[in-house]
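First comes the structure, then the notes that go with it.
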Amino acid sequence: MSRIARLETFSTPAVGFVRVTAEDGTEGWGQVSTYNADITCTVFHRQVAPHALGAETTDIAGLIELIGEREHKFPGSYLRRAQAGLDTALWDLRGKVEGKPVCTLLGGSPGPLRIYGSSMRRDIAPDEEADRLVRLRDTYGIDAFKWRVGRVCGRDVDQWDGRTEEIVPTVARALGDEVTKLVDANSGFTPARAIEVGRMLEDHGIVHFEEPCPYWEFDWTKEVTDALSLDVTGGEQDCEISAWRTMIEMRAVDLVQPDVLYLGGVARTLEVAAMAAGAGLPCIPHSANRSLVTVCAMHVLRAIPNAGPYLEFSIENYGSEDWTDPLFVHAPFEIRDGCIEIEDRPGWGVEINPNFLANARHEETRA
Ligand SMILES: [Mg+2]
């Protein structure tokens, strides 16, 4: 057992990594959530790190919960994003101390994971989207894809007129019956419109309808869930356990998608996953970019008993240049036969790129 002696962050506006060093010199790497990560790192040093200094490295869930109580005047996203940096660094540290991958610490094992290729684009025409998904299917053997319908918080107005009605059959037909088909509406619809779109989705074999309504309107989402037979899914933004309890108890969705880094780390994600398991609901952690969040989702999926059938894997710029490429020395994201693999390496099994660290803003909190 050792105590936390030093907490450092290395941030850009997009990404922020955390290094935790214990008194005995052992260390672990984690990540605060992406986007405005520089602001999140300021929150980290002001509202997370001071409570963590001197704490034991081993009781991760207890420490994260305690920090939430110490900062109880600050519920919401930024604190949770910052806590995720501490939580994920401590899991890495523990894995390195014990010589085990995080998934093994969580009761799972390393190995392959089926992925679904996740499109992040709405600016793309239906036939163009169909072409690139078919290409990824044929090149990498990916057998599940998610694409976008509606518009982000769109209030029933489409990205452009008729796009949803066109892209659903176009992509569904191009991918064919052998491919599992998912769509995401990103809070785009009222219940009436979502149900109308959902019926069309069912007619074209789509099995997963994500975030049909503004995500904070649990009653709206439940109305859609109750009306449709496909799986209505959601929860990526929800970062308070009480919101998750409400959502799961009322069965607002059929499948839960907590984001490890938005939610405050692995410990809190396991809490949500267990709550979902108790209600008989599967869990697929949200992982919409190829930073550490996808690595965390991989390890959680290989460990929880109610894991959904695949990992969310961003296809944006896969195989060409992407903003996430410089983050790791060897990104563990090679796709083979539609799967990626967790190797048997301690902690998260990744090394942060020294070039990224050298050029990032460095801040530290120490005794
Ligand atoms: Mg989504």
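The values are calculated or read from the model by the stated rules, or taken from the named source; none is laboratory data. A quick note: this is a predicted structure, and the numbers were derived from the prediction, not measured. Using ideal geometry, Cβ is built from the backbone for each residue, glycine included, and neighbour counts are taken over all protein chains shown.
From the set of residues in region 24-37 that are among the β-branched types (Val, Ile, Thr) and part of a loop (DSSP other than H, G, I, E, B), which is nearest to the chain's Cα centre (by Cα)? Let's see the steps before the verdict.
From region 24-37, those among the β-branched types (Val, Ile, Thr) are 26, 32, 34; that's our starting set.
This time we only want the ones that are part of a loop (DSSP other than H, G, I, E, B), so: 26, 34.
On the way: THR26: 27, THR34: 10 Å.
Looking at the filtered set, the residue picked out is THR34.
Residue by residue through region 292-330, note down the ones that are within 16 Å of the ligand (Cβ to nearest atom), surrounded by fewer than 23 Cβ atoms within 10 Å (Cβ to Cβ) and outside any loop (DSSP other than H, G, I, E, B).
SER314
Tell me which helices (runs of 4 or more DSSP H) are completely within region 217-291 and hold 2 or more residues being assigned by TED's automatic domain parsing to the domain that holds SER119 and more than 16 Å from the ligand (Cβ to nearest atom), or say none if there are none.
On the way: elements: 218-227, 241-249, 260-263, 266-278.
Counting at least 2 such residues, we get 218-227, 241-249, 266-278.
Looking at THR21, THR40, which one is among the polar types (S, T, N, Q), modelled with pLDDT of 95 or more and part of a strand (DSSP E or B)? Quick ask: steps written out before the conclusion?
On the way: THR40 fails: part of a strand (DSSP E or B).
Within the list THR21, THR40, the selection yields THR21.
I'd like the residue in region 330-349 that is touching a helix residue (DSSP H, G or I) at 6+ places or on another chain (Cβ under 8 Å) and free of Cβ contacts under 8 Å to residues at least 60 places away in the same chain and, out of all such residues, is nearest to THR9 (Cα to Cα).
ALA331
Residues ILE39, ILE67, ILE60: which one is farther than 19 Å from VAL266 by Cα and not assigned by TED's automatic domain parsing to the domain that holds GLU165?
Working: ILE67 fails: farther than 19 Å from VAL266 by Cα; ILE60 fails: farther than 19 Å from VAL266 by Cα.
Result: ILE39 is the single residue among ILE39, ILE67, ILE60 that is farther than 19 Å from VAL266 by Cα and not assigned by TED's automatic domain parsing to the domain that holds GLU165.
Would you confirm whether or not region 81-94 contains a residue that is modelled with pLDDT of 95 or more, surrounded by fewer than 22 Cβ atoms within 10 Å (Cβ to Cβ) and over 18 Å from the mean Cα position of the chain (by Cα)? Lay out the reasoning, then the answer.
Quick first cut of region 81-94, residues modelled with pLDDT of 95 or more only: 81-94.
With surrounded by fewer than 22 Cβ atoms within 10 Å (Cβ to Cβ) added as a condition, the list becomes 94.
Now restrict to residues that are over 18 Å from the mean Cα position of the chain (by Cα): 94.
Yes, region 81-94 contains at least one residue that is modelled with pLDDT of 95 or more, surrounded by fewer than 22 Cβ atoms within 10 Å (Cβ to Cβ) and over 18 Å from the mean Cα position of the chain (by Cα).
Within region 333-367, which residues are more than 24 Å from the chain's Cα centre (by Cα), among the charged types (D, E, K, R) and within 16 Å of TRP29 (Cβ to Cβ)?
Step one: list which residues in region 333-367 are more than 24 Å from the chain's Cα centre (by Cα), which gives 354-355, 358-359, 361-367.
Among the residues that remain, those that are also among the charged types (D, E, K, R) are: 361, 363-364, 366.
GLU363, GLU364 - these are the residues of region 333-367 that are more than 24 Å from the chain's Cα centre (by Cα), among the charged types (D, E, K, R) and within 16 Å of TRP29 (Cβ to Cβ).
Which one is surrounded by the fewest Cβ atoms within 10 Å (Cβ to Cβ) among residues in region 183-199 that are of a type in the set (A, V, I, L, M, F, W, C) and farther than 18 Å from ALA288 by Cα? Give the steps one after another, and end with the answer.
Within region 183-199, the subset of a type in the set (A, V, I, L, M, F, W, C) is 183, 185, 189, 192, 194-195, 197.
Retained after the next criterion (residues that are farther than 18 Å from ALA288 by Cα): 189, 192, 194-195, 197.
On the way: PHE189: 30, ALA192: 13, ALA194: 28, ILE195: 16, VAL197: 26.
Per the criteria, the residue is ALA192.
Would you confirm whether or not region 158-167 contains a residue that is more than 27 Å from VAL260 (Cβ to Cβ), surrounded by 21 or more Cβ atoms within 10 Å (Cβ to Cβ) and of a type in the set (S, T, N, Q)? Reasoning before the result, please.
At the first step, the residues of region 158-167 found to be more than 27 Å from VAL260 (Cβ to Cβ) are 158-167.
Retained after the next criterion (residues that are surrounded by 21 or more Cβ atoms within 10 Å (Cβ to Cβ)): 164, 167.
Add one more test, that the residue is of a type in the set (S, T, N, Q), and what stays is 164.
Checking region 158-167: at least one residue is more than 27 Å from VAL260 (Cβ to Cβ), surrounded by 21 or more Cβ atoms within 10 Å (Cβ to Cβ) and of a type in the set (S, T, N, Q).
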